[in-house]
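The values are calculated or read from the model by the stated rules, or taken from the named source; none is laboratory data. Fair warning: this is a prediction, and the values are worked out from it, not measured in the lab. Cβ atoms come from the backbone with ideal geometry, glycine included; neighbour counts cover every protein chain shown.
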Amino acid sequence: MISNRSPLLPKPASDMINSSLARGIHAAAQPLAVLLASLSKEHTDRMSDEELRELTESSAVEVRRLCTLFSGLQQLVMAQSVEPQLSPTPIVPLLAHAVEGVTLLFQRDGMSLRSTVPDTCQAVLINRTITLQALTRVLLAAHAVSHAQDTVELIASCSPNGVQIVVRNVNSTVAAMNAETGLSMAVAEVNIRSQQAGISWSPQPFNVQIELRKVPQPISTQVESF
């Protein structure tokens, strides 16, 4: 295992985190305001049993959204404090695992997920678990902003410096990214950057580019199996 000794994220990443936290907190205020207004005693005392049942159901939707938002905020804060242990890791099976984990979801919603990955590629210096989580978040974000009949591509290529990964929706327009998905992408970005790797992305059209660095020489650590 190789320790990543760069716990402080660069300023652009820190700005992104602060912006994502602010948007998440702002988004959480809306369902809270709805709940406070709808569950007030003055409001509920005038309701019939049927209206109270409907209110319970609608409130449950807002509570679930709040839980998702607060979970995302918590994960974003925690991701900043993690100093991942890095190991030489084969990227090809990890990419296959990430794609396999979301394929049924894409198929269920009438979307196509296309993967173009080399048969072999050099090992990269990453934390396998954190990288898999980040890749999964990116693919789920691509799903969240895509429509039925859309095609999402994951393309990986090897270079002398490491591995480049692109995840994109090939269609010209995608749905707007909600606060929950934006928070999840922010966590993915922090996870990638915490490994001294690179990531850039745009929501419209959805396009994410990740650069994982090769194992530096003369490190001769055994490659971690997947």
**Message:** Could you go through the range 109-125 and let me know if any residue there is among the charged types (D, E, K, R) and assigned to a strand (DSSP E or B).
**Reply:** yes
**Request:** Hey, could you check the range 69-128 for residues that are within 16 Å of the chain's Cα centre (by Cα) and small (G, A, S) and say which is farthest from Q164 (Cα to Cα)?
**Result:** S71
**Fill in**
Filtering the range 142-176 down to residues that are aliphatic (A, V, I, L, M), crowded, with 17+ Cβ neighbours inside 10 Å and in a loop (DSSP other than H, G, I, E, B) yields V145, V174
**Message:** The conditions are (1) touching a residue at least 24 places away in the same chain (Cβ under 8 Å); (2) under 20 Å from L212 (Cα atoms), and S146 fails exactly one of them. Which is it?
**Reply:** (2)
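Can we say L69 is of a type outside the set (D, E, K, R), farther than 21 Å from S146 by Cβ, out of contact with any strand residue (DSSP E or B) (no Cβ under 9 Å at 6 or more places or on another chain) and touching a residue at least 40 places away in the same chain (Cβ under 8 Å)? Can you show your working first?
Numbers: of a type outside the set (D, E, K, R): yes; farther than 21 Å from S146 by Cβ: yes; out of contact with any strand residue (DSSP E or B) (no Cβ under 9 Å at 6 or more places or on another chain): yes; touching a residue at least 40 places away in the same chain (Cβ under 8 Å): yes.
So L69 passes the test.
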**In the range 77-94, residue surrounded by the fewest Cβ atoms within 10 Å (Cβ to Cβ) [restricted to those that are part of a helix (DSSP H, G or I) and out of contact with any helix residue (DSSP H, G or I) (no Cβ under 7 Å at 6 or more places or on another chain)]** = S81
**Request:** Can you confirm whether the range 56-76 contains a residue that is at pLDDT 80 or above and crowded, with 16+ Cβ neighbours inside 10 Å?
**Result:** no
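Any idea which residue in the range 196-219 is surrounded by the fewest Cβ atoms within 10 Å (Cβ to Cβ), counting only those that are β-branched (V, I, T) and more than 30 Å from H147 (Cβ to Cβ)?
First, the residues of the range 196-219 that are β-branched (V, I, T): 199, 208, 210, 215, 219.
Going one step further and asking which of them are more than 30 Å from H147 (Cβ to Cβ), we end up with 215, 219.
Values: V215: 20, I219: 10.
Looking at the filtered set, the residue picked out is I219.
Being modelled with pLDDT of 85 or more, more than 20 Å from G72 (Cβ to Cβ) and among the hydroxyl-bearing types (S, T, Y) narrows it down to one of S159, S194, so name that one. Talk me through it step by step, then tell me what you get.
Working: S194 fails: more than 20 Å from G72 (Cβ to Cβ).
S159 is the lone residue from the list that is modelled with pLDDT of 85 or more, more than 20 Å from G72 (Cβ to Cβ) and among the hydroxyl-bearing types (S, T, Y).
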